[in-house]
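Inspection log for the structure reproduced underneath, given as structure tokens.
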Amino acid sequence: MKKIITLEVNGDLHEVAVAVHQTLLEVLRDKLGLTGTKRGCAVGTCGVCTVIIDGKAMLACLLLAVECQGRSITTIEGISSADELHPVQQAFVDQGAIQCGFCTPGIVMTSKALLDKTPRPDDEQIREALAGTFCRCTGHIKIMEAVKTASQYERAEKKSD
Amino acid sequence: MRLLRFEHFKPSSLEEALTAMQESAGNVRVLAGGTDLLVNMKCGLEQPGLIVSIGSLPELNTIAEDPSGDLRIGAGMNLSELAENSLLAAKAPALRDAIKSIASQHIRNMATLGGNVCLDTRCWYYNQSKLWRASRPACYKTGGDQCHATRGSERCHAINSADTAPALIALGAQVVVQKKGSQRQIPAEDFYRDHGARHTVLEPDELLSGLVIPCGNETGKTHFLKISRRQGIDFALGSIAAHLAGNGSTCHSARLVIGSLGSAPIVLEKTAQVLVEAGLSQESIQAAAEAARSELGVLTTLFSSAGYKRDLAQVLVKRVLHSFIKKPTTQKRTRR
């Protein structure tokens with residue numbers, strides 16, 4: 001059973017023919033070529049497929065693409081501008097909060113969703129948000145530092161605007 | 001792990017959904033948040049021919065106080081929204097605490113209350129990929145005639161890990177179940193069956209549409225707590241919800257419900273009796289905890305040993321009762 005749906009991804013509208021049993025993750029990666037969103041466990045525990053839908057961090061592996069019509073989807077490809085990284089991305093680079101990098105897109109999107117809602121999160125709020133993501137290379141200490149740095153960058157950016 | 005083919009129907013009203021459920025009964029599942037169902041489908045544990053998507057039905061996305069003061073919550077309400085809902089926080093903070101303890105923010109952003117209430121039971125031998133399961137004969141839950149977790153058992157012992165279940169039972173909630181042309185309301189306690197393979201009383205054409213929490217003339221307080229291996233995304237090793245009504249150290253009524261230790265939430269009647277008779281004090285808490293230990297009945301070694309579960313129940317009862325006599329501690333947060 002196929003359906004033609006319109007998906008709003010990173011501000012662009014895409015008309016795609018999808019099978020109803022395809023997940024948003026499969027459509028993003030295989031149909032739209034947006035391979036920044038990674039496929040990890042595929043059962044909702046690792047968080048590497050995190051995308052932001054209507055302002056909330058969600059798991060693309062557990063959403064049917066047909067259910068995402070009419071919702072605003074942001075993927076890792078959609079957060080930086082043409083020549084500048086998003087403050088969260090910059091903070092991850094500056095803090096070295098990356099090892100192999102596979103979990104990073106999901107963690108960056110999770111952090112962005114957190115900071116959009118809570119610009120000055122405390123440690124517990126950061127921990128709670130990151131609890132849905134896994135970094136299997138290293139710990140989450142540098143990642144937490146990066147989220148705090150990103151919060152500072154974003155506030156500095158807002159001040160200079 | 002990919003999903004296999006199915007038909008997808010997005011009804012525009014609850015009535016349409018119930019019609020579809022009736023027409024395809026036995027071959028249909030409702031999809032709300034999808035965080036439990038789609039995982040099971042990916043593992044080949046369920047293969048419905050039709051998915052009825054009810055997540056965005058307006059009838060199921062409401063929370064309101066009815067004229068008698070009771071709280072009515074639609075089954076389709078999102079868990080993150082409920083966790084932040086001021087009406088729920090005021091009327092049933094224990095349910096709010098239970099909701100906050102579920103999985104991760106990502107999952108709560110997608111999952112619904114009805115989905116958690118109906119959460120499938122879990123087992124080491126069940127929640128595995130198709131390939132993994134192929135190395136053993138089928139069990140009760142997968143259509144066979146044995147239980148791998150408890151050899152020689154006559155039923156499935158998969159564990160009910162729904163965190164909202166003990167809270168709802170302790171609160172005396174009613175579950176609203178609908179099918180085409182009829183509706184029934186069941187006490188949350190009777191909604192669950194002590195059978196891992198068929199753990200709720202829902203019929204194949206029925207749908208859980210909402211919950212009613214009596215708050216009208218309730219004076220008591222309810223507390224919930226959960227113990228799990230990890231503080232983050234994890235199922236409970238054991239959880240407890242307790243509802244006490246009384247003033248000071250006397251106790252008119254008590255309800256204690258333990259979750260995640262068996263195939264259904266366990267209502268601790270004798271333990272509650274101890275509290276009603278002896279009131280709430282350091283001594284009665286000790287006596288209640290010991291009563292809970294002996295009241296649990298036969299437990300299965302699944303996710304943790306039966307002995308550990310007994311110890312855990314004792315600790316859960318103690319901790320939850322202490323939270324009634326302790327002044328609520330404000331959560332310490334270290335500011336950066």
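The values are calculated or read from the model by the stated rules, or taken from the named source; none is laboratory data. Not measured: the values here are computed from a predicted model. Neighbour counts are summed over all protein chains in view; Cβ atoms, including those assigned to glycine, are modelled from backbone coordinates with ideal geometry. For accessibility, only protein heavy atoms count, side chains too; no ligands or nucleic acids. Shrake-Rupley method; radii C 1.70, N 1.55, O 1.52, S 1.80 Å.
Remarks
- Computed log10 I(q)/I(0) for chain A at 0.15, 0.16, 0.18 Å⁻¹: -0.77, -0.87, -1.07, from the Debye equation with unit scatterers placed on every C-alpha and solvent omitted.
- Solvent-accessible area buried by pairing B with A, both sides, nearest 100 square angstrom, 1.4 angstrom probe: 3400
- Nearby aspartates and glutamates by direct alpha-carbon distance to B:K100 (threshold 15 angstrom, same-chain neighbours under 8 apart not counted): A:E124, A:E128, B:E81, B:E84, B:D163, B:D234
- Counts of other chain beta carbons within 10 angstrom of each beta carbon in peptide B:230-242 average 2.
- Positive dipole terminus of the protein assembly as shown, leading residue within A:H21, B:P11, B:G76 (C-beta point charges): A:H21
- Inter-label distance for B:A278 and A:Q125, nm, one decimal - labels placed 7 Å from Cα along Cα-to-Cβ: 4.4
- Cα centroid of the stretch B:124-172 to Cα centroid of the stretch A:18-67, whole Å: 28
- Dipole magnitude of chain A, debye to nearest 20 (Cβ charges: Lys/Arg +1, Asp/Glu -1, about Cα centre): 400
- Mean Cβ neighbour count within 10 Å, used as a protection proxy, ranking B:282-288, B:104-110, A:116-122, B:250-256 highest first: B:104-110, B:250-256, B:282-288, A:116-122
- Rel. contact order, % - alpha carbon contacts under 8 angstrom, at least six apart, the stretch B:116-246: 22
- Between B:G248, B:S304, B:I258, the Cα set farthest toward the positive side of the dipole of the stretch B:209-336 (charges on each charged residue's Cβ, about the Cα centre) is that of B:S304.
- Principal axis extents of the C-alpha atoms in the stretch A:2-77 (largest first, rounded to whole Å): 30, 24, 19.
- Charged side chains reduced to their Cβ positions (Lys and Arg at +1, Asp and Glu at -1) give the protein assembly as shown a dipole of some 1360 debye around its Cα centre.
- Residue-averaged 222 nm ellipticity for chain A, from DSSP H runs of 4+ at -39500 (n - 2.57), nearest 500: -10000 deg cm²/dmol
- Whole-percent carbon and sulfur share, accessible surface of chain B, 1.4 Å: 49
- Here the 3J(HN,Hα) profile of the stretch A:152-161, calculated from phi with Karplus coefficients 6.51, -1.76 and 1.60 at θ = phi - 60°, is 5, 4, 5, 5, 5, 5, 5, 4, 6, 5 Hz, Gly and Pro shown as x.
- Phi-based couplings in Hz for the stretch A:53-65 (Karplus 6.51, -1.76, 1.60; Gly and Pro marked x): 10, 6, x, 10, 6, 9, 9, 5, 6, 10, 10, 6, 4
- Buried on complex formation within the stretch B:84-116 (loss of at least 10 square angstrom of accessible surface versus the isolated chain, 1.4 Å probe, ligands and nucleic acids ignored): B:E84, B:S104, B:Q105, B:H106, B:I107, B:R108, B:N109, B:M110.
- A dipole drawn for the protein assembly as shown from +1 and -1 charges on Cβ atoms has a positive end, and of A:I107, A:I143, B:L208 the residue lying farthest that way is A:I143.
- Mean-position separation - Cα centroids, the stretch A:89-133 and the stretch B:202-262, in angstrom: 33
- Relative contact order for the stretch B:108-192, counting Cα pairs under 8 Å that sit 6 or more residues apart, in percent: 24
- Taking every residue in A:129-138 and counting other chain Cβ atoms within 10 Å of its Cβ, the average works out to 3.
- Other protein chain C-beta atoms within 10 Å of residue C-beta, averaged over B:33-40: 5.
- Radius, Kirkwood style, for chain B when every pair of distinct Cα atoms is counted (Å): 20.7
- For the stretch A:129-142, Karplus couplings with θ = phi - 60° (6.51, -1.76, 1.60), whole Hz, Gly/Pro x: 5, 6, 4, x, 10, 10, 10, 8, 7, 9, x, 9, 5, 5
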